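Let me begin by presenting the structure, written as structure tokens, before commenting on it.
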Amino acid sequence: MSQLVPLLRNVPLFLDLTDEELERIASIAIPRSYPKKSLIFAEGSPREAVYFIVDGLVKAFKVDANGHEQIVSLLAKGDMFPHTGFFDQSPYPANAEAVKPTRVFAIPIQSFEQLLLSTPTIAVKVLRVLGAKIRELQEKLQELTYQDVRHRICAILLRLAETHGTTQDGTVVLRLPVTHQDLASMAGTTRESVNRMLNDLRRQRILEMNRNHIVLKDVEALKSWADEWRKKR
């Protein structure tokens, strides 16, 4: 249990908890490991636990009636999934797959509910953080609903840079195994459209990309890229 407390302290959901409160959560956490491309849970299966990533990368995705994959989110160290978490008894809303070898700890929903009932201070602090996560997801929905494809691609790259990027010599490096098809799935568009847009960004020396990393060479230029394209139309 003592080994889990430092990990819990870095989980945004538990940011405001005291050491004593973290120890109580650690006492019900179950460590698990998943190899690359293994399924953590399937969409529609009974919701039994909520997961927190210790290290690795997880892809949450849905598959439509035609077999097309729609990536909901990419999740890294400290992230919780599914986002609806502990307070929804419906089945898992999407598939979750380990993109690379991943370690997590699982907290059984029933055990967590019992803990919240016995410790109201933990419940209040957790609900505050979940409120912020809901606002973040609402913003993402607005991006997909109201923006054209170029703005969606731009917003996705900037969000990935904020959550997964590291700054090196004035550039932002994303060490994620993200393919063109992955970006297309996140933006709700075709791989061909993404290819054209990324080639445009390369020509303008805004971005470099391969299968293992993305380099944003000029973040400010990326922010204005879609607006400039719209003005030309």
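The values are calculated or read from the model by the stated rules, or taken from the named source; none is laboratory data. Since we're looking at a predicted model, the values are computed, not measured. FYI the Cβ positions are ideal-geometry reconstructions off the backbone, even for glycines, and counts take in every protein chain you see. Side chains are part of the model used for accessible areas, which takes the heavy atoms of the whole protein and leaves out ligands, DNA and RNA. Shrake-Rupley method; radii C 1.70, N 1.55, O 1.52, S 1.80 Å.
Annotation: aspartates and glutamates with alpha-carbon distance below 13 angstrom to Lys133 (same-chain offsets under eight excluded): Asp79. Taking amide H positions as modeled 1.01 Å from N, with prolines and chain starts lacking one, the residues under 5 Å from Ile40 and 5 or more places away or on another chain are Ala96, Glu97, Ala98. Computed over neighbours whose Cβ is under 14 Å from that of Leu207, the net charge equals +3, Lys and Arg +1, Asp and Glu -1. Compute the Cα gyration tensor for the range 93-139, then decide on rounded, prolate or oblate, letting a ≥ b ≥ c be the square roots of its eigenvalues: rounded whenever a/c is under 1.5, prolate when a/b is larger than b/c in the other cases, and oblate in all that remain. Because a/c hits 1.5 or more and a/b fails to exceed b/c, the range 93-139 counts as oblate. 3J(HN,Hα) along the range 162-175: 5, 8, 10, x, 10, 8, 9, 6, x, 10, 10, 9, 10, 8 Hz, from the Karplus curve 6.51 cos²θ - 1.76 cosθ + 1.60 with θ = phi - 60°, whole Hz, x for Gly and Pro. The share of accessible area on the chain that comes from carbon and sulfur is 51 percent, using a 1.4 angstrom probe. Under a 5 Å amide H cut-off, with hydrogens placed 1.01 Å from N, Asp55 pairs with Arg103 among residues at least 5 apart or on other chains.
What accessible area per residue, rounded to a whole number of Å², is obtained for the chain using a probe radius of 1.4 Å?
Details: 12790 Å² over 233 residues.
About 55 Å² of surface per residue is accessible.
Diagonalising the gyration tensor over the Cα atoms of the range 23-82 and scaling each eigenvalue by 5 before taking the square root yields semi-axes of 24, 13, 10 Å, largest first.
If you take the square roots of the eigenvalues of the alpha-carbon gyration tensor of the range 148-231 and sort them as a ≥ b ≥ c, do you get rounded (a/c under 1.5), prolate (a/b over b/c) or oblate? Oblate.
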